[in-house]
Amino acid sequence: MIDRRAALIAGFSFASFGVLSRGAAAQMSNQDRADLSRIEAYLNGVRSLKARFLQTAPNGEVSEGIALMQRPGKMRFQYDPPSPFLLIANYGILFFQDAQLGQTTNIPLSRTPLGILLGDHTSLSGDVAVTKFVRLPGQLQVSLVRSASPGEGTLTLIFADNPLTLRQWIVLDQQGKQTRVTFTNMEVGANVDAKLFDYRNQSSGPAGGG
């Protein structure tokens, strides 16, 4: 259980990943920059959402549940039973609960990939640096680090194109192991009960709208 808990937390935390290319932006084409502008506009247009998620941890453990988001700064990952886990981002921290062990963990939101995605405004320049951009048929992938601390880790966002929709994110740890989160049945603009993001009154019950 401890190993599984650590693997789940790793999927939301940045860890050292060596030296990342700082010249990636200079190698981008005009089309790349146009697509990055589209991605930035899309992310800033998503003020709330509800989706199903499937998370594959570095150890191969698969978990499912409901993801809720409300910007700025709020997200909830409600894991399906029998999983005892609950993740809530709010008040500048990521709160992790393991109901089975009766343990909680608090991580500063600024040290997680959610910190990039949950700001009131998302910019893919300045405080955030693009280290890699890949265009595939019907898919766009962008890898991001914090400009001031690129050694903390990398977050890759994977989008379906036409229409542009976030489908996955991938976080890499210091051994190059990856945690992948895949989203389905996404409802952008979903009406979400703000109480679901208050970890001070956390509950392992079902998540839903308000």
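Could you check ASN185 against (1) on the phi > 0 side of the Ramachandran plot; (2) modelled with pLDDT under 80 and say which number it fails? That leaves (2) as the condition not met.
The one condition from (1) in contact with a strand residue (DSSP E or B) (Cβ under 6 Å, 6 or more places away or on another chain); (2) modelled with pLDDT under 95 that GLY23 does not meet is (1).
Only one of the numbered conditions (1) modelled with pLDDT of 90 or more; (2) surrounded by fewer than 17 Cβ atoms within 10 Å (Cβ to Cβ) is not met by GLN175, and that is (1).
Name the single residue that is farthest from PRO72 (Cα to Cα) among those in region 105-128 being out of contact with any Lys or Arg (no Cβ under 8 Å at 6 or more places or on another chain) and at pLDDT 90 or above. Taking the candidates together, the pick is THR105. Residues in region 90-121 that are crowded, with 20+ Cβ neighbours inside 10 Å, touching a helix residue (DSSP H, G or I) at 6+ places or on another chain (Cβ under 9 Å) and assigned to a loop (DSSP other than H, G, I, E, B): LEU118 only. The residue pairs whose first member lies in region 27-44 and is within 15 Å of PRO163 (Cα to Cα), whose second member is of a type in the set (A, V, I, L, M) and in a helix (DSSP H, G or I), and whose beta carbons are closer than 9 Å, counting only pairs six or more residues apart or on different chains, are LEU43/LEU117.
The number of residues in region 66-89 that are in a strand (DSSP E or B) and out of contact with any helix residue (DSSP H, G or I) (no Cβ under 7 Å at 6 or more places or on another chain) comes to 8.
The values are calculated or read from the model by the stated rules, or taken from the named source; none is laboratory data. Since the structure is predicted, the reported quantities are computational estimates derived from the model, not experimental observations. Heads up, the Cβs are rebuilt from the backbone with ideal geometry, glycines too, and the neighbour counts pull from every protein chain shown.
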